[in-house]
Structures are given as structure tokens and as C-alpha cells.
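The values are calculated or read from the model by the stated rules, or taken from the named source; none is laboratory data. Because the structure is a prediction, the values reported are computed rather than measured. Backbone-built Cβ (ideal geometry, glycine too); neighbour counts: all protein chains shown. Note: accessible area is taken over every heavy atom of the protein model, side chains too, but ligands, DNA and RNA are not part of it. Shrake-Rupley method; radii C 1.70, N 1.55, O 1.52, S 1.80 Å.
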Amino acid sequence: MVKVAILGASGGVGQPLSLLLKLCPYVSELALYDIRAAEGIGKDLSHINTNSSCVGYDKDSIEGTLSNAQVVLIPAGVPRKPGLTRDDLFKMNAGIVKSLVTAVGNFAPNARILVISNPVNSLVPIAVETLKKMGKFKPGNVMGVTNLDLVRAETFLVDYLLSKNPTVGQEQDKTTMHKKVTVIGGHSGETIIPIITDKSLVFQLDRQYENFIHRVQFGGDEIVKAKQGAGSATLSMAFAGAKFAEEILRSFYNEKPETESLSAFVYLPGLKNGKKAQKLVRDSSLEYFSLPIVLKNGTIVSIDTDILEKLSPREEQLVDTAVKELHKNIEKGKSFILDSS
Ligand code: NAI
């Protein structure tokens, strides 16, 4: 049975994420932690009659939260407001993630760490460098959660196809059409690279193809704007985060993944096929990239580089642009740890 901990459980993402994981049949124990209100949220969820138990911890009880946890999700930190990019959040969230990952290294050193807080492109390097410094780093255990980009790409692709041909959705189940796209790269603006795997759909989209790419890359801005200062994606993020966590949990039970193109933002040099990925993006010094992952017992055992071998010229351009930006984001995260004593 698997104990799951959520750090930042009282927030806009944390609360619905906690609810969805309380409903998840693969979780036996749910531990909620935040600097405010987690005890009450844990008590509330503990009245739901699913098989798992749920406890909310106060801010001084991180050890109890993490003890024996096998999966730790981190949505702790400040979200975007209008006018802020994910990169602007770095100053606030870098220290939070550093201190929480240090606690994971101390109290749950074998846990799989799922980083949701933004900017993912810089905070995953912070998590990795923190654990490396502690001598506790296991490459298959640290994952940046980019699944919301896939959820959006699947939704938007169907929207565009339906707008061109309203009968599409009637002829086939929308979820079958979802399998025709995946997202790689990073998790911000132009680092997000949607790849339509069924190339005939690119022709169907025609001029809408560029709009589709842009909407996947900047879809988060639609929500920030519509919420008018009240934050960024929370409910769709909780859905995407819970789906991602469920795949990790499913692999603990040796069950086949439900999502074939599940990707995560990972440290390439430590993983099987990582060097191949660096070669395929034509940059052997790029240390992190989001790619489809292969899981066993909750851990990434290799990454799948097939998608990088079949890129169209337009997709190659998108990769080149993403790689340049990713270098800056990754360096920012690494130096935050390496330059601190
Ligand atoms: P929020 O402000 O509603 O919640 C953040 C929570 O973190 C608060 O409850 C706060 O008390 C808690 N927190 C702050 N410092 C903490 C610490 N040291 N330890 C434990 N908890 C702490 O923000 P929201 O909307 O829930 O977003 C959370 C993060 O998730 C943001 O960084 C946001 O950018 C990110 N996000 C990531 C997405 C992705 O696709 N990876 C999508 C949407 C949001």
C-alpha cells in the first residue's frame, strides 16, 4: 500500500488535488502538509468513505508528514497573477522548494518527488541539485509535472478539429482522438512543444495549426487573465496532477499505464536513453527535457525518445527555440543551489 504526501495541500491546486487523491484507489494513506490550514483540510477529507486514511499536519510536523511516504507531490508556492511570467515566480518559490526537498531527502529519501510548483523548468534543477548535495539523488525519482500541457493539448486539438468539422466528435469518442498528440520540452511558453503524432491531422488543421501550437504554449495565460488576479490554473492542474500521480501509483501495482504519452520534465544524464535524447535535440549539454517516461515501481526506468526521431521541420524549429530558453531556466535553478553555501 502506498503513502502519498502533498506539500502545499491548502492551496488552490493543493485542495482539489488532495480531494482527487483521497478518491484514488491506489492510495492507502494521504498526508497533507502546508504552512496553514492543512490539519482542517485533512480532517475534512478524512470523513470521505474511501479506503485511504487522510491526516493533515501542522507546519511543524513535516517529519510526520513525510515519514514512510513513497510519493510526494509539491504544489507549494506562489501562483501567477496577470503580468507575471512563471519565471517571475522564481524568487518566491525557489527557497520553498529547496527547503521542502531537503526535508524529503532527510525523512523520505526513497520517495518519488513530483514538482508542480512553478517555474518547473528551474525548480526541478533545484530539487535535483539539492538532493545531489545531500548525496540522496536518484534520477528516476525526480519528475517535473508537465501533464497539464498534455491535458490542454488534447482538449484544444479536439476543439480545433471540431471547429473545422463539427461531425468529428460525433463520429468518434473524443478520448480516442486524444491519443494523437503529446507534449515535450519544458513547462513555460515557447519551451512547451506540442507534437501531433498523427500527421494527417496537421493537414486537417491547416492554418489553425500555428494557432494550436500557440494556444498550447500560452494556454495558462487564458486562465490567469480570466481569474483577474485570483491566481492561475488550479482545478485543471489538480486534475492533471492527480492523473499523473495515478500513473506513478499504477506502476507500483505493475498495472499498464492508461496514458501512453505520459511525459515528465527529467534529468537526462541519469536516465536510460538520456544521452540519446541529448543527441536528438542536437545539444549534448542540455540536462533537462520533458519526454515520455517508462515507469516501474513508481520510478522512471527509461525515457522514450521515439518521438524525437520523427519530428517534422516545423517541430525541429520548435525544439531549437525551446532548447535555447531551457538552458537559461535550468542554469538559473542550478546556480541557486550551487552558489549558496
Ligand atoms: P496557492 O497560493 O493557492 O497555494 C500555494 C500553497 O502553498 C498555499 O496554501 C501556501 O500556504 C503553501 N505554501 C507556501 N509555502 C509553503 C511551504 N514552505 N511549505 C508548505 N506549503 C507552503 O497557489 P496555487 O494556485 O495552488 O499554485 C501552487 C503552485 O503550482 C504555483 O507555483 C503555481 O505556479 C503552480 N502551478 C503549476 C502548474 C503546472 O502545470 N506544473 C499549473 C498550475 C499551477
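Among V124, V281, V216, which one shows the highest mean-square fluctuation when the chain is modelled as a Gaussian network with alpha-carbon springs under 10 Å?
Result: V281 has the largest fluctuation of those listed.
Residue by residue through the range 22-39, what is 3J(HN,Hα) from phi via Karplus (6.51 cos²θ - 1.76 cosθ + 1.60, θ = phi - 60°)? Round to whole Hz and write x for glycine and proline.
5, 8, 7, x, 7, 9, 9, 9, 10, 10, 10, 9, 6, 7, 8, 6, 5, 4
Going from most exposed to least, what order do D283, D339 have by accessible area with a 1.4 Å probe?
Details: D283 35, D339 130 Å².
In descending accessible area the options line up as D339, D283.
Can you compute the radius of gyration and Dmax for the range 1-136, using only the Cα atoms, both in Å?
14.4, 43
From the Cα gyration tensor of the range 255-341, with a ≥ b ≥ c the square roots of its eigenvalues, which class applies: rounded if a/c is under 1.5, or else prolate if a/b is larger than b/c, or else oblate?
Numbers: a/c = 2.14, a/b = 1.18, b/c = 1.82.
In terms of gyration-tensor shape, oblate.
Provide, as a two-decimal number, the C-alpha radius of gyration of the range 232-301 over 2.2 N^0.38 Å, N being how many residues it has. Each step should come with its number before you reach the end.
On the way: Rg = 13.7 Å, N = 70, 2.2 N^0.38 = 11.1 Å.
For the range 232-301, the normalised Cα radius of gyration is 1.24.
Specify whether the C-alpha gyration tensor of the range 187-341 places it in the rounded, prolate or oblate class, a ≥ b ≥ c being the square roots of the eigenvalues: rounded for a/c under 1.5, otherwise prolate if a/b is larger than b/c and oblate if not. All intermediate terms of the calculation are to be shown ahead of the outcome.
Details: a/c = 1.13, a/b = 1.11, b/c = 1.02.
Because its axes are fairly even, with a/c under 1.5, the range 187-341 counts as rounded.
Tilt of helix 208-226 relative to the longest C-alpha principal axis of the chain, in degrees (0 to 90, nearest 10)?
Once rounded, the angle reads 30 degrees.
Taking the Cα centre of the range 93-161 as origin, work out the dipole magnitude from +1 charges on Lys and Arg Cβ and -1 charges on Asp and Glu Cβ, in debye rounded to 20. Mind dumping the intermediate values first?
Working: 7 positive and 4 negative charges, 99 e Å.
Taking the Cα centre of the range 93-161 as origin, the dipole is about 480 debye.
Could you compute the longest span of the chain free of trypsin sites (Lys or Arg not before Pro) located in DSSP loops and having at most 13 other Cβ atoms within 10 Å, not counting the site residues?
Of all site-free stretches, the longest is 60-178.
So if I take the centroid of the Cα atoms in the range 238-272 and the same for the range 19-54, what is the distance between those two points in Å?
Here the two parts' Cα centres lie 21 Å apart.
Would you please put 253-259, 6-12 in order of how densely packed they are, using the mean number of other Cβ atoms within 10 angstrom per residue and starting with the highest?
Listed from highest to lowest mean packing, they are 6-12, 253-259.
For the chain, set up a GNM with springs between Cα atoms under 10 Å and report which of H187, H47, H214 has the largest fluctuation.
H47
What's the angle, to the nearest 10 degrees (0 to 90), between helix 90-107's Cα axis and the longest principal axis of the chain?
For 90-107 against the chain, the angle is about 60 degrees.
So what's the gap between the Cα centers of the range 65-109 and the range 191-211, to the nearest angstrom?
33
Using DSSP, restrict attention to beta bridges with both residues in the chain and report what percent are antiparallel, rounded to the nearest 5.
Here the share of antiparallel DSSP bridges comes out near 40 percent.
For the range 122-127, take each phi angle, set θ = phi - 60°, evaluate the Karplus expression 6.51 cos²θ - 1.76 cosθ + 1.60, and give the result in whole Hz per residue in order, putting x for glycine and proline.
9, 7, 5, x, 5, 4
Dipole magnitude of the chain about its Cα centre, charges +1 at Lys/Arg Cβ and -1 at Asp/Glu Cβ only, in debye to the nearest 20?
Computed about the Cα centre, the dipole is about 480 debye.
Can you compute the equivalent ellipsoid semi-axes for the chain, i.e. the square root of 5 times each eigenvalue of the Cα gyration tensor, sorted largest first and rounded to whole Å?
Value: 30, 23, 19 Å, ordered largest first.
Picking from I35, I300, I116, which is most flexible by a Gaussian network model of the chain using Cα springs under 10 Å?
So, out of I35, I300, I116, the one fluctuating most is I35.
In nm², what is the average projected area of the convex hull enclosing the Cα atoms of the range 122-224?
Spelled out: convex hull of the Cα atoms, projected over all directions, averaged, 7.8 nm².
Could you give the dipole magnitude of the range 255-338 about its Cα centre, charging the beta-carbon of Lys and Arg +1 and that of Asp and Glu -1, in debye to the nearest 20?
The calculated dipole for the range 255-338 is roughly 320 debye.
Among A127, Q204, I303, whose Cα lies farthest out toward the positive end of the dipole of the chain, if unit charges sit on the beta carbon of Lys, Arg (+1) and Asp, Glu (-1)?
With unit charges placed on the Cβ atoms, the residue in question is A127.
Over the alpha carbons of the range 1-57, what is the largest minus smallest coordinate on each principal axis, giving the biggest first in Å?
Here the spans come out as 27, 17, 17 Å, largest first.
Between 0 and 90 degrees, rounded to the nearest ten: what's the tilt of helix 235-252 against the longest Cα principal axis of the chain?
So the helix axis and the longest Cα principal axis differ by about 80 degrees.
Which ³J(HN,Hα) values in Hz, rounded to whole numbers, follow from the phi angles of the range 78-85 under the Karplus curve 6.51 cos²θ - 1.76 cosθ + 1.60, where θ = phi - 60° and Gly and Pro get x?
8, x, 6, 10, x, x, 9, 8
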